[in-house]
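The values are calculated or read from the model by the stated rules, or taken from the named source; none is laboratory data. Note that the structure is predicted; figures quoted are calculated from it, not measured. Positions of Cβ are backbone-derived with ideal geometry, glycine not excepted, and every protein chain shown enters the neighbour counts.
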Amino acid sequence: MVLASRSPRRRELLGHLISQERFRVLPPTDSTELEFDGLHQIHEIRGRLRQIALGKWHDVARQLTSETLEEPVARSTWILSADTTVVVGMGDNAVRALGSPADDDSGRAAVRDWFRNHYAGQTHRVLTAYCLGLAEEAVPSRESLDETEVEFRADAGDWVEWYLATGEPFGKAGGYALQGAGSLFVSRVSGSLGNVVGLPLERLARDFRELGLLMP
């Protein structure tokens, strides 16, 4: 199997399902991704997230079937790609997807805004879309999207300067890490914990089992 991702968190999560020896990491060649700017309806955000995950899958599939690949692999190799975003606003028509803040003044300002105006005492959603299929296929066998609701403590905004000083928010979808110090702010999680980190392990395990990739 090939994990089409640059995320060390996804690599760790996949290692919970199958051994590290059974997969390798091969990121997409194109690091640019579609954006969520201007999308304020949940169905639009879900659709864009699926597009991003599918784009990553096709990128790596092209790499694996290219004769120029330095370490050729079998065309029967499975590819797993995924993308995660955080959505604030609990309606369907007035929502907003948050990106990954950069480690600069604009990123720090964004995290302050998110914690104080969208997280503290409120519930947001974390969405992860993934694609799973053989490199030789024209399209993935499985495409899925999982959603988890996360509620933050009312005083989360009071801790944002401390959290920024840890350096953890930068490069994380939504500006926090549930698997790290960000867990201090969470009062409730409804759904998959792994989904918040980067892979919905429960749903993925079912797909693996049905495809013969995971034995019960």
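So which residues in the range 4-22 are in contact (Cβ under 8 Å) with a residue 40 or more places away in the chain, farther than 19 Å from Arg50 by Cβ and within 14 Å of the chain's Cα centre (by Cα), if there are any at all? Show your work before the answer.
Looking only at the range 4-22, we keep the residues that are in contact (Cβ under 8 Å) with a residue 40 or more places away in the chain, and these are 4-5, 7, 9-10, 13-14, 16-18.
Among the residues that remain, those that are also farther than 19 Å from Arg50 by Cβ are: 9, 13-14, 16-18.
Across the range 4-22, the qualifying residues are Arg9, Leu13, Leu14.
Any residue at all in the range 176-189 that is on the phi > 0 side of the Ramachandran plot and either exposed (fewer than 14 other Cβ atoms within 10 Å of the Cβ) or in contact with a helix residue (DSSP H, G or I) (Cβ under 6 Å, 6 or more places away or on another chain) (or both)?
No, because not a single residue in the range 176-189 is on the phi > 0 side of the Ramachandran plot and either exposed (fewer than 14 other Cβ atoms within 10 Å of the Cβ) or in contact with a helix residue (DSSP H, G or I) (Cβ under 6 Å, 6 or more places away or on another chain) (or both).
Out of the residues in the range 109-168 meeting the condition of being among the β-branched types (Val, Ile, Thr) and under 21 Å from the mean Cα position of the chain (by Cα), tell me which one is nearest to Val86 (Cα to Cα).
Val126
Using beta carbons and a limit of 8 Å, which pairs, at least six apart or on different chains, have the first residue in the range 23-35 and closer than 13 Å to Asp83 by Cα and the second one hydrophobic (A, V, I, L, M, F, W, C)?
Pro27/Ala4; Pro27/Val60; Pro28/Ala4; Pro28/Val60; Glu33/Ile52; Leu34/Ile52
Could you pull out the residue among Ser7, Ser81, Ser66 that is surrounded by 15 or more Cβ atoms within 10 Å (Cβ to Cβ), polar (S, T, N, Q) and closer than 21 Å to Glu137 by Cβ?
Residue meeting the stated conditions: Ser81.
Suppose the filter is modelled with pLDDT under 95, surrounded by 14 or more Cβ atoms within 10 Å (Cβ to Cβ) and out of contact with any Cys (no Cβ under 6 Å at 6 or more places or on another chain); does Ala135 pass it?
yes
Does Leu127 count as within 18 Å of Val189 (Cα to Cα) and crowded, with 22+ Cβ neighbours inside 10 Å? Show your work before the answer.
Numbers: within 18 Å of Val189 (Cα to Cα): yes; crowded, with 22+ Cβ neighbours inside 10 Å: yes.
The answer is yes for Leu127.
Identify the residue in the range 169-216 that is part of a helix (DSSP H, G or I) and small (Gly, Ala, Ser) and, among all such residues, is nearest to the chain's Cα centre (by Cα).
Selected residue: Ala173.
Kindly indicate the residue of the range 92-116 that is free of Cβ contacts under 8 Å to residues at least 24 places away in the same chain and over 15 Å from Tyr176 (Cα atoms) and also surrounded by the most Cβ atoms within 10 Å (Cβ to Cβ) among those meeting that condition.
Asp104
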